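Just below is one structure, and these are the notes that go with it.
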Amino acid sequence: MTDQAPAQYQGPQRVLSGVQPSGALHLGNYLGALVKFARLQHEMECLFCVVDLHAITVWQEPAALAAQTREIAAAYFAAGVDPAKATVFAQSAVPEHSELAWMFQCVARLGWLDRMTQFKEKSGKHKERSSVGLYTYPVLQAADILVYKATHVPVGEDQKQHLELTRDIAGKFNHDYDAPGFFPLCEPLIQGPGARIMSLRDGAAKMSKSDPSDYSRINLTDDADAIAQKIRKARTDPEPLPETAEGLEGRAEAKNLVGIYAALSGVSEADVLAEFAGQGFGAFKPKLADLAVAQLGPVGERMRGFLADPGEIDRILAAGAAKARELAAPTVAEVKRKVGFWSA
Ligand code: TYM
């Protein structure tokens, strides 16, 4: 043993992220993930998958799953992801994810998974009735990232703990198999006003596909009337908007709407407050609705356009899977060698 710091990863910078095909995408997914995907494709090599293996950790109708996968791919393209620049594919079409996940299950510790707050939230009161896959879910997520040796992972705030686990798994693998710098310790790309969009009905709960109230979220496929109505009905307080961000403390719903405005218009919260300080929600909400309709309307329209040609989506996904496998297969082969598996 030496007391030297472990060697750093020396490979290329690469981005990997994914979205589950488990329901309609909402504003939180758009601002927390898709907008960043479209931006990053100009800066680094990018891979974006539709994580269908993750989706089946809770029940998905078999007859609907493939269509849901195409829908997420269409949302990527509608948000500006260009398949000529980024590799877009379905996770289940690249078996190396599952293969590496098994090896990582033997690296990750039960105590690490026991701490995962998302499992606690999703399993609810009856965790013994959850699938085993829901529990080991974050290990598969680590495999998604590390099978490509991705260095950067754009996600919303709710994925932070899963990315910390990914770093722990990478570090332990590198250590246990005496392979310093083999896997990178990936950097989460979370920052920005869109990282944690909250429910429109409850400023303490995040905007989520699984919230029973459709008024809690703006779906990417909502039309202009639905978007405007949901913003009009969004919960707020009777106070006018403050001059500074400190004035939003303790006003979760107000803070959320200001954050949404900032993220959609690409300015800071401070800039939004400088413009609207002293105005009440009667004045602010119509401005926010106009902005949301102007930004999201065309995204929904483009999505419908892509979905009108499922054959083209399938061709892109198939080509993406072939490219992804070229990157993933050598990683799994190297891991097998390091673990010491037999090979002829
Ligand atoms: P998923 O499908 O729940 O969400 C997709 C992306 O949307 C972000 N997000 C939000 N961002 C801001 N505000 C919100 N209210 C909000 N809700 C969701 C999520 O953070 C995510 O970035 N485990 C992941 C999928 C995954 C993955 C991966 C991500 C599987 N493997 C590898 C990155 C790398 C998930 O369930 O995302």
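With both labels modelled 7 Å from their Cα along Cα-to-Cβ, the Lys172 to Glu326 distance reads 3.4 nm. When only the Cβ of Lys, Arg, Asp and Glu is charged (+1, +1, -1, -1), the dipole of the chain relative to its Cα centre reaches about 580 debye.
Positive-end ranking of Leu291, Val81, Ser123 along the dipole of the chain, with charges on Cβ about the Cα centre, is headed by Ser123.
For the stretch 216-303, relative contact order (Cα pairs under 8 Å, six or more residues apart, normalised by length) works out to 42 percent. For the chain, the gyration tensor built on C-alpha atoms gives a prolate shape. Its axis ratio a/c (a ≥ b ≥ c) is at least 1.5, and a/b is the larger of a/b and b/c. Using only Cα atoms, tell me the angle between helix 132-146 and the longest principal axis of the chain; keep it within 0 to 90° and round to the nearest 10. For 132-146 against the chain, the angle is about 80 degrees. Straight-line cross-link reach from Lys323 at under 16 Å between alpha-carbon atoms covers these aspartates and glutamates, not counting any fewer than eight positions away in the same chain: Glu45, Asp82, Glu96, Asp144, Asp314.
Annotation note: chymotrypsin sites (Phe, Trp or Tyr not before Pro) in the stretch 147-239 located in DSSP loop regions with a Cβ neighbour count of at most 15 within 10 Å are absent. Contact order, relative form, for the chain: 23 percent (alpha carbon pairs under 8 Å, 6 or more residues apart, mean separation divided by residue count). Lys and Arg at +1, Asp and Glu at -1: add these up for the other residues within a Cβ distance under 10 Å of Asp237 and post the number. Taking every Cβ under 10 Å from that of Asp237, the sum is 0. Going toward the positive end of the dipole of the chain, with +1 on Lys and Arg Cβ and -1 on Asp and Glu Cβ, which of Gln191, Ala226, Pro212 do you reach last? About the Cα centre, the residue reaching furthest to the positive side is Pro212. Rounded to whole numbers, the Karplus 3J(HN,Hα) couplings from phi for the stretch 57-73 are 5, 10, 4, 10, 5, x, 5, 9, 5, 5, 5, 5, 5, 4, 5, 5, 4 Hz, using 6.51 cos²θ - 1.76 cosθ + 1.60 with θ = phi - 60°, and x at Gly and Pro. Taking a sphere under 12 Å around the Cβ of Glu157 and counting the other residues whose Cβ falls inside, with K and R at +1 and D and E at -1, yields a net charge of +2.
Summing Cβ point charges (Lys, Arg +1; Asp, Glu -1) relative to the Cα centre of the stretch 214-305 gives a dipole of roughly 360 debye. Counting only protein heavy atoms and a probe of 1.4 Å, the accessible surface of the chain is 53% carbon and sulfur. The 1.4 Å probe gives accessible areas that order Asp211, Asp168, largest first, as Asp168, Asp211. When both bridge partners sit in the chain, DSSP labels roughly 10% of those beta bridges antiparallel. The Cα atoms of the stretch 242-344 give a gyration tensor whose axes a ≥ b ≥ c have a/c of 1.5 or more with a/b no greater than b/c, which makes the shape oblate.
Values of log10 I(q)/I(0) for the stretch 30-179 across q = 0.10, 0.11, 0.13 Å⁻¹ run -0.37, -0.45, -0.64, by the Debye formula with one identical scatterer at each alpha carbon and no solvent. Averaged over residues, the count of other Cβ atoms within 10 Å places the peptides 261-270, 119-128 in the sequence 261-270, 119-128, highest first. Once all protein chains are placed together, Met44 keeps about 40 Å² accessible to a 1.4 angstrom probe.
When Rg and the Kirkwood radius Rh are both evaluated on Cα atoms of the stretch 107-228, their ratio Rg/Rh stands at 1.05.
When the Cα gyration tensor is reduced to axis lengths a ≥ b ≥ c, the ratio a/c is 1.5 or higher for the stretch 187-264, and with a/b not above b/c it is classed as oblate.
The values are calculated or read from the model by the stated rules, or taken from the named source; none is laboratory data. No experiment lies behind these values; they were computed from the predicted model shown. Note that each Cβ is placed from the backbone with ideal geometry, even for glycine, and that neighbours are counted across all protein chains shown. Protein only, heavy atoms only, side chains kept; ligands, DNA and RNA dropped before computing areas. Shrake-Rupley method; radii C 1.70, N 1.55, O 1.52, S 1.80 Å.
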